[in-house]
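The values are calculated or read from the model by the stated rules, or taken from the named source; none is laboratory data. It should be emphasised that the depicted structure is a prediction, and the values quoted were computed from it without experimental measurement. Cβ placement follows ideal geometry from the backbone for every residue including glycine, while neighbour counts extend to all protein chains displayed.
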Amino acid sequence: MAMSVVYTTINGMIVHENRGGVESFYAPDTMGSTVALLNSSGVVTDTYSYWPYGEIRSHVGSSQTPFTFLGMIGYYADVVANFIYVRARYLRQALTRWQTVDPLWPNEQAYGYCLAGPVSAVDPSGASTAVLPARPIAIPPAVWQAIIADLTAAGLALAEIAAVLLAIIAIGNAIGFACAELRKQRYKACPFNPGASGRNGNPNNMRGCKQGMDCLETLRLLHAWADCLASQIAIDFLCFGGIQHGSSTTDYMNNVLRCAKVLPGNCATVQTAFNLCFGQGGV
């Protein structure tokens, strides 16, 4: 007789299971893959890592669950057949493609999985790719463990703990969408250089202030670079927890400083620049 398993879901997302009397909480990454299982005391019993198309890269622990890669949103791993079932069809991880044609073909790719972008897109229905926004850093299993331990110690019931975990995931998703909007804002704010190959918000592809440039143009660029830097700082804090990623922020700052340094030379005096800003005459 097969072991009875009861799953707890909130808004369609799996957060808990009771497998023959053994309870486990699911700890997801920000895409929805199970990265850890925790027991009712908040102790990590299993950890998982994956390759981009869903193959299990490592599993430490002895628990068994079919809800691993994107398991929180319903991807179901058939270990025997080595497929992942996604409601409408099967994903063959080793081939990085679906086994049957997309029900929405030709409006969607016939067999391609998530537009060949498995680290930035999901397909909860098995029929239509959903591209995810930029994601914040995933919550590591140790942090999930501490959260569940604190909630348990506070006397919260199982359903209450599950609701809190889901709220944390929802907040993470909201941050992800906010990060995407900030990147769009930065893209629009940074001064475009028509001669650059592509406009992606990269400070190396943006137009900079130069000696001898028209005063008004220098002011406009300085303003644009200030907006650009503000967007980048917001991205650093919201999306990366205050961690400066790469050299982007420094590059944006350097361009602001460069504009500020050439401003007095390009505009007869700094006072002239202030007059322009406050509508008291012109150059």
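Does any residue of the range 172-194 turn out to be more than 22 Å from the chain's Cα centre (by Cα), on the phi < 0 side of the Ramachandran plot, basic (Lys, Arg) and modelled with pLDDT of 75 or more?
Scanning the range 172-194 turns up no residue that is more than 22 Å from the chain's Cα centre (by Cα), on the phi < 0 side of the Ramachandran plot, basic (Lys, Arg) and modelled with pLDDT of 75 or more.
Name the one entry in Ser62, Ser24, Ser49 that is within 24 Å of the chain's Cα centre (by Cα) and hydroxyl-bearing (Ser, Thr, Tyr). Lay out the reasoning, then the answer.
Details: Ser62 fails: within 24 Å of the chain's Cα centre (by Cα); Ser24 fails: within 24 Å of the chain's Cα centre (by Cα).
Selected residue: Ser49, the only one of Ser62, Ser24, Ser49 that is within 24 Å of the chain's Cα centre (by Cα) and hydroxyl-bearing (Ser, Thr, Tyr).
Any idea which of (1) surrounded by 17 or more Cβ atoms within 10 Å (Cβ to Cβ); (2) assigned to a loop (DSSP other than H, G, I, E, B) is the one Trp144 doesn't satisfy?
Tallying (1) surrounded by 17 or more Cβ atoms within 10 Å (Cβ to Cβ); (2) assigned to a loop (DSSP other than H, G, I, E, B), Trp144 fails exactly one: (2).
Residues that are buried (at least 16 other Cβ atoms within 10 Å of the Cβ): find the strands (runs of 3 or more DSSP E) completely inside the range 22-123 holding 3 or more of those.
Numbers: elements: 22-28, 34-38, 44-50, 56-60, 76-78, 83-86, 89-92.
Strands (runs of 3 or more DSSP E) meeting the threshold: 22-28, 34-38, 44-50, 83-86, 89-92.
Tell me the residue from Leu165, Leu156, Leu238 that is modelled with pLDDT of 75 or more and outside the structural domain of Leu38 (by TED's automatic domain parsing), please. I'd like the intermediate steps shown before the answer.
Details: Leu165 fails: outside the structural domain of Leu38 (by TED's automatic domain parsing); Leu156 fails: outside the structural domain of Leu38 (by TED's automatic domain parsing).
Only one candidate passes the filter, namely Leu238.
Could you tell me whether Thr218 is modelled with pLDDT of 85 or more, in contact with a Leu (Cβ under 8 Å, 6 or more places away or on another chain), buried (at least 16 other Cβ atoms within 10 Å of the Cβ) and among the β-branched types (Val, Ile, Thr)?
On the way: modelled with pLDDT of 85 or more: yes; in contact with a Leu (Cβ under 8 Å, 6 or more places away or on another chain): yes; buried (at least 16 other Cβ atoms within 10 Å of the Cβ): yes; among the β-branched types (Val, Ile, Thr): yes.
Against the criterion (modelled with pLDDT of 85 or more, in contact with a Leu (Cβ under 8 Å, 6 or more places away or on another chain), buried (at least 16 other Cβ atoms within 10 Å of the Cβ) and among the β-branched types (Val, Ile, Thr)), Thr218 qualifies.
Report yes if Leu132 is farther than 15 Å from Tyr53 by Cβ and either over 16 Å from the mean Cα position of the chain (by Cα) or of a type in the set (D, E, K, R) (or both), otherwise no.
Details: farther than 15 Å from Tyr53 by Cβ: yes; either over 16 Å from the mean Cα position of the chain (by Cα) or of a type in the set (D, E, K, R) (or both): no.
Spelling it out, it is not the case that Leu132 is farther than 15 Å from Tyr53 by Cβ and either over 16 Å from the mean Cα position of the chain (by Cα) or of a type in the set (D, E, K, R) (or both).
What is the one condition in (1) more than 12 Å from the chain's Cα centre (by Cα); (2) at pLDDT 80 or above; (3) closer than 21 Å to Asp236 by Cα that Val119 does not satisfy?
With (1) more than 12 Å from the chain's Cα centre (by Cα); (2) at pLDDT 80 or above; (3) closer than 21 Å to Asp236 by Cα applied to Val119, the lone miss is (1).
Which members of the range 123-150 meet the condition of being under 22 Å from Tyr7 (Cα atoms) and modelled with pLDDT of 85 or more?
Answer for the range 123-150, where residues must be under 22 Å from Tyr7 (Cα atoms) and modelled with pLDDT of 85 or more: Asp123, Pro124, Ser125, Gly126.
Condition first: free of Cβ contacts under 8 Å to residues at least 24 places away in the same chain and β-branched (Val, Ile, Thr). Now tell me which residues in the range 77-91 satisfy that.
Selection gives Val79, Val80.
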